[in-house]
Amino acid sequence: MRINKFIASATGLSRRVADMAIEQGNVTINGERAMLGSNVHDQDEVRMRGKLLTAPATSQSILLHKPVGYVCSRDGQGSQTIYDLLPKELHKLKPVGRLDRDSSGIILLTNDGDLAHRLAHPAFHKKKRYRVTLNKQLQPADQRAIQAGVKLIDGISQLELEPSSSPEQWLVTMHEGRNRQIRRTFQAKGYEVIELERIQFGDYQLGELPSGVYKTISS
């Protein structure tokens, strides 16, 4: 197995990040500095920054329907975390594309570094779709402004909007994912997001999966 693939499967990092670690001299094979393109065999000892790495037998990925009130971290600092919803054997998986505590919907967790990279890196322009409920009806002028682009402190935010089941509910599509971007965009135009549910992430759909339940997916 190529060294970058081994590191990706052992750590959840992408192969690109693994290559950077190798180039920086942070990876050894049997005590010798690893080189790009090196191969790892069954009895080899691989370390990154001194830590022994062990690759899982197979990659594993799940789709979780995160409920409101759970945080996407291992340390909830007093809050419930998504790991409270999972059996212990899945706690090694890392989340891709986090949701804040007050949001619900799709969370993907994986030990496949390449899948995580493809889903999370902006260069791949993965579609994310949300069902958003506002505190009041969105005015046509504000809809046009949000679709054209709203200036936020960290840059322009441009969202695709489609009407949903009520005047206060919208389907929002985006291809990036800055911190609380949807909430901040509507707030900039005088609206409060009172419900936000992610229903699509890349090729993965939430569908009818119940809240708090997960399913295995192929990567």
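Looking at the range 86-96, is at least one residue loosely packed, with under 15 Cβ neighbours inside 10 Å, touching a residue at least 60 places away in the same chain (Cβ under 8 Å) and either within 18 Å of Ser14 (Cα to Cα) or touching a Gly at 6+ places or on another chain (Cβ under 6 Å) (or both)?
Looking only at the range 86-96, we keep the residues that are loosely packed, with under 15 Cβ neighbours inside 10 Å, and these are 87-89, 91-92.
When the remaining residues are screened for being touching a residue at least 60 places away in the same chain (Cβ under 8 Å), the result is none.
So far as the range 86-96 goes, no, none of its residues is loosely packed, with under 15 Cβ neighbours inside 10 Å, touching a residue at least 60 places away in the same chain (Cβ under 8 Å) and either within 18 Å of Ser14 (Cα to Cα) or touching a Gly at 6+ places or on another chain (Cβ under 6 Å) (or both).
Could you list, in sequence order, the residues of the range 116-155 that are assigned to a helix (DSSP H, G or I) and β-branched (Val, Ile, Thr)?
Selection gives Ile146 alone.
Just the residues that are among the polar types (S, T, N, Q) and in the same structural domain as Leu90 (by TED's automatic domain parsing), please, taken from the range 109-150. I'd like the intermediate steps shown before the answer.
Just the residues of the range 109-150 that are among the polar types (S, T, N, Q), to begin with: 110-111, 133, 135, 137, 139, 143, 147.
Matches in the range 109-150: Thr110, Asn111.
Can you find a residue in the range 107-123 that is at pLDDT below 90, more than 13 Å from the chain's Cα centre (by Cα) and not acidic (Asp, Glu)?
Checked the range 107-123: at least one residue is at pLDDT below 90, more than 13 Å from the chain's Cα centre (by Cα) and not acidic (Asp, Glu).
Out of the range 49-74, which residues are within 30 Å of Thr28 (Cβ to Cβ) and either modelled with pLDDT of 95 or more or of a type outside the set (Gly, Ala, Ser) (or both)?
Within the range 49-74, Arg49, Lys51, Leu52, Leu53, Thr54, Pro56, Thr58, Gln60, Arg74 qualify.
What do you reckon, is Asp154 free of Cβ contacts under 8 Å to residues at least 40 places away in the same chain, surrounded by fewer than 18 Cβ atoms within 10 Å (Cβ to Cβ) and under 17 Å from Val213 (Cβ atoms)?
no
Could you look through the range 106-135, keep only residues that are among the β-branched types (Val, Ile, Thr) and either closer than 23 Å to Leu93 by Cβ or touching a His at 6+ places or on another chain (Cβ under 8 Å) (or both), and pick out the one that is surrounded by the most Cβ atoms within 10 Å (Cβ to Cβ)? Before the answer, list the steps.
The initial filter retains those residues of the range 106-135 that are among the β-branched types (Val, Ile, Thr), namely 106-107, 110, 132-133.
Right, trim to either closer than 23 Å to Leu93 by Cβ or touching a His at 6+ places or on another chain (Cβ under 8 Å) (or both) and you get 106-107, 110.
Values: Ile106: 25, Ile107: 23, Thr110: 21.
It comes out as Ile106.
How about the range 168-193: which of its residues are at pLDDT 90 or above, in a loop (DSSP other than H, G, I, E, B) and not small (Gly, Ala, Ser)?
Correct list: Glu168, Arg180, Lys189, Tyr191, Glu192.
Answer yes or no as to whether Ala10 is outside the structural domain of Arg131 (by TED's automatic domain parsing), touching a Pro at 6+ places or on another chain (Cβ under 8 Å), of a type in the set (A, V, I, L, M) and surrounded by 12 or more Cβ atoms within 10 Å (Cβ to Cβ). Working first, answer last.
Working: outside the structural domain of Arg131 (by TED's automatic domain parsing): yes; touching a Pro at 6+ places or on another chain (Cβ under 8 Å): yes; of a type in the set (A, V, I, L, M): yes; surrounded by 12 or more Cβ atoms within 10 Å (Cβ to Cβ): yes.
Yes; evaluated as a whole, the condition is true for this residue.
The values are calculated or read from the model by the stated rules, or taken from the named source; none is laboratory data. Here the structure is a predicted model, which means the values were calculated and not measured. Neighbour counts run over all protein chains shown; Cβ positions are idealised from the backbone, glycine included.
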